[in-house]
Amino acid sequence: MTAYWIFSSVLLIAFAVKLLLSVLGSKAKPSGRYDRLLDTAAERGQIVTAAVVTLEAARTGELEREQFDRQHSQYYKNKHMLERAYLGIPDSRTSYRPVLRYSFGGRNYEERYHSFISDRELSLKDGQTVRICVDPDAPASFVIVGDKASYNFLTQIVK
């Protein structure tokens, strides 16, 4: 009988952890793997300092609407009802796509970041310096250190 309760408790805890991770998303996942990748990148000289040249701004709700349209337009013929329900709450947040200036491999670059970043995730300002992890095979590709939503690209950059 005791073994049954122990097994049930372990199963319940495992279910609760899985549910919590799915609700919180990537913010709750352990970052040890990404920390190791960033350490390896630093050892190889792939971490450099970049300056924020400018920030392209967009309303976060508009970006979410575009993403919703790309994901669901092929499945729903009349997606507007779903879109209104999904994105009907007014959103005053702003997201930014930074343009960064940096040097890597003896060359200078001024590149747009691959995605928009919510001001809640990472606060950036014109003229600020940030650390980036640069792909040595394609130096125009990089990930801003601290943009955890983009850390899945580290596996492609740090080989």
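The table for this structure:
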{"item": "Protection proxy ranking, peptides 36-46, 129-139, average beta carbon neighbours within 10 Å, highest first", "result": "129-139, 36-46"}
{"item": "Computed label-point distance, nm, for sites R33 and K148 using a 7 Å Cα→Cβ extension", "result": "1.5"}
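Bear in mind these aren't lab numbers, they're just calculated from the coordinates by the rules spelled out. Computed from a prediction, not measured in an experiment: that's the story for all the values here. With ideal geometry, Cβ positions are generated from the backbone for all residues, glycine too; neighbour counts draw on all protein chains shown.
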